[in-house]
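I have placed the structure first, in the form of structure tokens, so that the comments after it can refer back to it.
The values are calculated or read from the model by the stated rules, or taken from the named source; none is laboratory data. Everything numeric in this text was worked out from a predicted model, so none of it was measured. As a convention, Cβ positions derive from the backbone with ideal geometry for all residues, glycine included, and neighbour counts pool all protein chains shown. Keep in mind that these areas ignore ligands, DNA and RNA; they rest on the heavy atoms of the full protein, side chains included. Shrake-Rupley method; radii C 1.70, N 1.55, O 1.52, S 1.80 Å.
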Amino acid sequence: MAATGMEESLSRRVREASESYHGFLLNQVQQVQEEERRRIARDLHDRIGHGVSVAHQQLALSELHRGTDPARAAVKIGVAQQAIQEAMENLRQITSELHPQVPVKSLEKALLRFLEAIEDDGVSVGLDVNGDESWAEPRVLDESFLIIREATRNALTHGGPSVILMRVDIAPHELQAFVQDNGRGFEPSRVRGRGVGLTSMRERAELLGGRLTITSAPGSGCRVDLSIPLKRQTREHDEL
């Protein structure tokens, strides 16, 4: 009887452990699926949505200049065509489960190309990039570009500013950046948790161990600060 009772107790514990482990695995699978959905949402918004937005803006500007400056209108149409082509390529890469785009080789050059694509006569945009970009890993540069680009695009789309300042400082231990505008501003607590763009920026920063803060108030513009720790200095120090 004692042996039978011990066997039943052992069998029960094995079943309970098995059920618990099965539940753990299901939970892990659900978390992975949720993270993958969030990643796809970020990439579709930041990579595909951006291209469509640029194309729409440039086509609107080409229509505006068509009667008075046909040459300038043609340039705008060319930029729109390029944006659509890049969006289509990004979409093909995303659906093929490849990396959404080639990592940024130069953050400064990528930002300058972005500013050329969104050129607006009514907005003055300043860009200042300092430090050695080789201190940051390609993924950090890539994700930082997407965050800074989205912050600038949000300012242009929703803030109605006349001036936007963009600055990036890269040190061996940290990348810091900010995007500041003099637009209409908003109350951050009212938009917290809303909008794919803001959520995407925060998630990209957090995935790199960084931090994104948004400071704004109605009538006082908006400032987005990004801080990402860099690991290169730590590795070099350990090797010494």
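Restricting 157, 152 to residues that are β-branched (Val, Ile, Thr), surrounded by fewer than 16 Cβ atoms within 10 Å (Cβ to Cβ) and assigned to a helix (DSSP H, G or I) narrows the list to 157. Within segment 195-220, the set of residues being modelled with pLDDT of 85 or more and surrounded by fewer than 16 Cβ atoms within 10 Å (Cβ to Cβ) comprises 206, 207, 209, 211, 213, 215, 217, 218, 219, 220. The residues in segment 164-189 that are within 14 Å of residue 215 (Cβ to Cβ) and not in a strand (DSSP E or B) can be counted, and the count is 7. Got at least one residue in segment 155-167 being of a type in the set (D, E, K, R) and modelled with pLDDT of 95 or more? Yes: segment 155-167 contains one or more residues that are of a type in the set (D, E, K, R) and modelled with pLDDT of 95 or more. Report the residue count in segment 95-116 for those that are modelled with pLDDT under 90 and open to solvent by less than 20 Å² (accessible area, probe 1.4 Å). Selection size over segment 95-116: 3.
Restricting 51, 126 to those that are modelled with pLDDT of 85 or more and either open to solvent by less than 70 Å² (accessible area, probe 1.4 Å) or assigned to a helix (DSSP H, G or I) (or both) reduces the list to 126.
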